[in-house]
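The block underneath contains the structure these notes are about, expressed in structure tokens.
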Amino acid sequence: MTVFIRQLTGVRFVAAAWVVLYHLQGPLERLNLLAPGLADVLRVGRLGVDLFFALSGFILTYTYLTRLGPRATWRGSAKFWWLRLARIYPVHFVMLNVAGLAVVAQSLVSSTESRQRDWLNPWDYIKNLLFIQEWGPQPQRGWNFVAWSLSMEWLAYLLFPLLVLVLWRFHQRLSTMLLGAAWLVVLTPLMIFAFGRSDPYYTDNWGSTYRILTEFTAGAITYLLVARFIPEGNTGPRDRIERLATTISVAAPVLIIVGAIVLGRIPSLQPPATSTAVDAEPLPPYLHLLLVPLLILWIGSLALSRRGLSRWLSGDRIVLGGFISYSLYMTHLVVFGLWRAALKAAGISGGLVYALAVVALVAGALLVAWAMWRWVEEPAREWMRGRIGARPRPVAEPEIVHHT
């Protein structure tokens with residue numbers, strides 16, 4: 001059923017690019033490039049992480065449902081955990097230390113740096129090493145800030161060998177209608193949590209845990225639903241199903257865009273600003289988690305379609321972007337921080353030079369991500385997989401096909 005792997009690899013790039021652009025709102029605003037609708041969509045760019053969470057549940061269920069689902073074994077679980085570490089840990093370890101060195105270097109050269117960094121201590125470093133920094137009701141972030149999502153992913157990985165036992169029984173025993181009902185039930189706690197207004201980021205008060213557990217599980221159930229419409233041994237769904245899925249694959253992102261614009265226009269949903277920095281990204285509106293079900297629906301519809309957006313996302317360039325998406329996500333904030341420090345030291349704050357610097361920033365972030373993927377992420381993953389006799393490259397991972 002690898003018919004959908006290429007387009008979902010492309011979705012990884014969309015998710016990473018959305019997060020990157022979210023953090024680029026300040027420079028884009030300074031260049032007057034944020035049209036009203038675009039500004040609203042980028043304000044909710046943090047949802048790229050939620051898209052990653054759901055996509056992870058979908059892909060891991062596809063990969064491991066028949067391997068781990070029938071029965072639990074310590075050997076199978078340990079192998080699964082090691083392979084997940086091989087996927088995420090090398091880049092995390094490198095960037096954890098690079099980010100720490102960058103902060104120390106900045107503090108040494110900048111006498112005006114006043115921001116508190118209570119996290120710059122050995123204990124918080126150890127928590128980051130162990131992927132537990134985001135666990136708890138009031139997580140303490142720091143070091144490579146974006147690694148908070150890895151902490152949540154690791155929690156999902158630890159629970160997955162138990163979750164997949166339930167998913168297997170759902171797959172064997174529940175009707176399609178009951179699977180749909182389970183999908184709704186799983187997302188209900190997240191929808192209730194979305195109405196809270198104590199934290200516009202939805203990370204405090206166990207927010208990050210709500211997000212990973214509900215979204216990852218909903219993504220997993222989405223795979224079970226998709227599997228019902230792709231007959232075993234077939235290359236794709238029936239034509240009627242594919243036409244409907246293609247329509248939904250276009251309608252879902254349109255509804256997400258409309259939803260982001262509507263949320264951004266309701267005064268009562270706009271949280272008070274917490275930063276006066278010129279390049280600080282605007283806070284997302286309250287209730288933006290209500291868009292998450294549409295993101296998960298989008299994953300399922302793309303998996304059932306080979307036309308339109310699915311075909312575009314399956315293109316070689318987008319798939320390559322999907323390959324480097326993890327490294328892009330993990331490196332971009334450090335690149336941005338160094339870029340801001342360089343421009344501040346050079347006294348550049350606007351004009352043509354600033355615009356060229358923003359172009360160089362985007363190009364540099366992509367180049368750094370490609371280099372990290374090419375020389376750290378892939379070699380280290382292949383080495384770690386080889387330690388337990390696994391294939392250097394997962395069977396389901398797509399190839400980039402170059403047409404002549």
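For the reader, a short list of remarks on this structure follows.
- Inter-site label distance for residue 388 and residue 280 at 7 Å from Cα along Cβ, in nm: 4.3 nm
- Entry note, the chain: the mean residue ellipticity at 222 nm calculated from DSSP H runs of n ≥ 4, each adding -39500 (n - 2.57), is -23000 deg cm²/dmol after division by the residues and rounding to the nearest 500.
- Taking amide H as placed 1.01 Å from N in the peptide plane, the amide H of residue 140 sits under 5 Å from none that are at least 5 places away or on another chain.
- Relative to the longest principal axis of the Cα atoms of the chain, the long axis of helix 47-68 lies at roughly 30 degrees.
- Put simply, the convex hull of the Cα atoms in the stretch 278-330 casts, on average, a shadow of 5.7 nm².
- Calculated on the alpha-carbon coordinates, the convex hull of the stretch 22-164 measures out at 152 cubic angstrom per residue.
- Percent carbon-and-sulfur accessible area, the chain, ignoring ligands, DNA and RNA, probe 1.4 Å: 67 percent
- Comparing 147, 181, 156 in a Gaussian network model of the chain (Cα springs below 10 Å), the most mobile by mean-square fluctuation is 181.
- With each label modelled as a point 7 angstrom along the Cα→C-beta vector, the residue 97-residue 371 pair spans 1.7 nm.
- Rolling a 1.4 Å probe across the protein heavy atoms gives the chain an accessible surface of 47 Å² per residue.
- Net charge over other residues, Cβ less than 12 angstrom from the Cβ of residue 138 (K, R count +1; D, E count -1): -2
- 37 °C / 0.692 mPa s Stokes-Einstein diffusion coefficient of the chain, Kirkwood radius on C-alpha pairs, µm²/s: 148 µm²/s
- Spin-label pair residue 197/residue 228, simplified geometry with 7 Å Cα→Cβ offset, distance in nm: 3.8 nm
- Crossing angle, helix 239-265 versus the chain [Cα axis fit, 0-90 degrees, rounded to tens]: 30 degrees
The values are calculated or read from the model by the stated rules, or taken from the named source; none is laboratory data. Because the structure is predicted, anything quoted here is derived from the model rather than measured. Please note: Cβ atoms are built from the backbone with ideal geometry, for glycine as well, and neighbour counts cover all protein chains shown. Only protein heavy atoms, including side chains, enter the accessible area calculation; ligands, DNA and RNA are left aside. Shrake-Rupley method; radii C 1.70, N 1.55, O 1.52, S 1.80 Å.
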